[in-house]
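To keep things clear, I will list the structure first and then write my remarks on it.
The values are calculated or read from the model by the stated rules, or taken from the named source; none is laboratory data. This one's a predicted model, so the numbers in the text were calculated from it and none came from an experiment. Counting neighbours? That spans all protein chains shown, and the Cβs are built from the backbone with ideal geometry, glycine included. Side chains are part of the model used for accessible areas, which takes the heavy atoms of the whole protein and leaves out ligands, DNA and RNA. Shrake-Rupley method; radii C 1.70, N 1.55, O 1.52, S 1.80 Å.
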Amino acid sequence: MEFIDLRSDTVTKPTPAMRQAMAQAEVGDDVYGEDPTVNSLQEMAAKMLGKEAGLFVASGTMGNLTSILAHCGRGDEVILGDKAHTVIFEAGGISALGGVHSRQIPNLPDGTLALDAIEAAIRPDDAHQPVTRLVALENTHNRCGGSAISVAYTRSVGELAHQRGFSLHMDGARIFNAAAALGVPAKELVATTDSVTFCLSKGLCAPVGSVICGTKEFIARAHRIRKQLGGGMRQAGVLAAAGIVALETMVERLAEDHARARRLAEGLGGIPGLILDPGTPQTNMIFMSLAPATAPLTAAQVAQRLTERGVRVGVAGSNRFRLVTHYWIDDRAVDQAIAAFAQVL
Ligand code: TLP
């Protein structure tokens, strides 16, 4: 059965143009810095994000881990939102592998961190306490509804960090979705960040990979850490080739996924058993819950019944769902997904 897969935009498969570019890619040994296709991707990514240099890594998780380890030594502290992907979904890598201490403060519903809460979390110069080296934001914010975080807010966090002598990292896994939603170039969203990681393998449809961007000096440090983590790849140009096609052809169309998410939400909002989160979708993610009247039916049971009808959805709690639109979800798939929910509930 060909599924309508709304679990995530990570399920996207490469387009025919990507497969063709992969087959024809010129390659070299990237550990020697000699893969021309990886080098082109890195330059292109850095230019798009207004940074000096880029580094191709295997995943978003590796991008965040490598970046945080490049900013922080063992025992140093990073200020993170309690709903950050790095806190919830990256297997504790920053502490397990880097000895980095995370200081978690509440994410506000829009995915931001209150400036006074960041300020209050900064450690004083006291030998008993860790050293605050970094604050990390996420844009779009996955667990906060796929929310897009503004240029002005990001700038204020960057300014605060720099005034107080530490750095700002951006988990920009979906930074181009944020840019599309806000109608601003992605580079403006990261202008005050010291590093940013974005993913090629989500809404941009490439099969593998993320790129870290920052200053040349920062990327040189990240390069060494990538090697320590076992992420030095060899003829990685076959993967980078798909990433180039992703940047060339997939960025501009992300607004279509947001429009389809809105249409899907409109249809689902008309089904009595479902309660959409206020304001959802903000980008390509819909968050919603089962109405109490559907109890004892759980989200997992509903998801199972939907799967039997060819529709896969993300389960985000005992009665919660996350649905994500992407390149492979067309108008027909939206209609079919709405019909499947209506049948099941
Ligand atoms: N997110 C995945 C799951 O891990 C939850 C998804 O389906 O949304 N930062 C953010 C904001 C992310 O959403 C993700 C992936 C990552 C980092 C990690 O990227 P990968 O999966 O490439 O390691």
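Largest to smallest in accessible area, the residues His326, His85 fall in the order His85, His326 (1.4 Å probe, all protein chains included).
Tell me, what % of the accessible area of region 199-312 is carbon and sulfur with a 1.4 angstrom probe? Walk me through the numbers on the way to the answer.
Values: 2590 of 4780 Å².
Within region 199-312, the accessible surface is 54 percent carbon and sulfur.
Give the lysines reachable from Lys47 as a straight Cα distance under 16 Å; neighbours fewer than 8 places away on the same chain don't count. Candidates past the 8-residue exclusion: Lys187, Lys216.
Restricting to Cα pairs below 8 Å that are 6+ residues apart, what does the relative contact order work out to for region 27-107? Please round to a whole percent. Don't jump to the answer; show the numbers that get you there.
On the way: 84 pairs, mean separation 18.2, N = 81.
In percent, rounded to a whole number, it is 23.
As a length-normalised measure over Cα pairs under 8 Å and 6 or more apart, the relative contact order of region 39-158 settles at 24 percent.
Carbon-plus-sulfur fraction of the accessible area of region 87-194, 1.4 Å probe, in percent?
Values: 2390 of 4560 Å².
Summing carbon and sulfur atoms, their accessible area is 52 percent of the total for region 87-194.
Using alpha carbon centroids, what distance separates region 106-164 and region 79-102, in Å? About 14 Å separates the Cα centre of region 106-164 from the one of region 79-102. If R0 is taken as 30 Å, the Cβ-Cβ distance between Arg253 and Ala316 corresponds to a FRET efficiency of 0.70.
Rolling a 1.4 Å probe over the protein heavy atoms gives the chain an accessible area of 42 Å² per residue.
Taking the three principal axes of the alpha carbon atoms in the chain, the coordinate ranges are 58, 52, 35 Å, sorted in descending order.
Under unit Cβ charges (Lys, Arg +1; Asp, Glu -1), what dipole magnitude, rounded to 20 debye, does region 219-317 have relative to its Cα centre?
Values: 12 positive and 7 negative charges, 119 e Å.
Dipole of region 219-317, to the nearest 20 debye: 580 debye.
Projected label points at Gln129 and Gln228, each 7 Å from Cα along the beta carbon direction, are separated by 2.6 nanometres.
Could you tell me what percent of the DSSP beta bridges with both partners in the chain are antiparallel, to the nearest 5? Intermediate results must be reported in sequence, preceding the final value.
Working: 22 of 40 bridges.
Of all bridge pairs located within the chain, approximately 55 percent are antiparallel.
Within 10 Å of each candidate Cβ there may be at most 13 other Cβ atoms; applying that plus a DSSP loop requirement, which trypsin sites (Lys or Arg not before Pro) in region 163-195 survive? Walk me through the numbers before you get to the answer.
On the way: sites: Arg164, Arg174, Lys187; in loops: Arg164, Arg174.
Passing sites in region 163-195 are Arg164.
Summarising the label geometry, the points placed 7 Å from Cα in the beta-carbon direction at Tyr32 and Ser156 lie 5.1 nm from one another. About the centre of its Cα atoms, the chain shows a dipole size close to 500 debye [charges on the beta carbon of Lys, Arg (+1) and Asp, Glu (-1) only; nearest 20 debye]. Computed from the C-beta positions of Asp335 and Lys13 and an R0 of 30 Å, the FRET efficiency is 0.90 to the nearest 0.05.
Calculate for the chain the 222 nm mean residue ellipticity that helices alone would give, adding -39,500 (n - 2.57) per DSSP H run of length 4 or more and normalising by residue count, nearest 500 deg cm²/dmol.
Numbers: 14 runs with 142 residues, N = 345.
Roughly -12000 deg cm²/dmol at 222 nm, from the helical runs in the chain.
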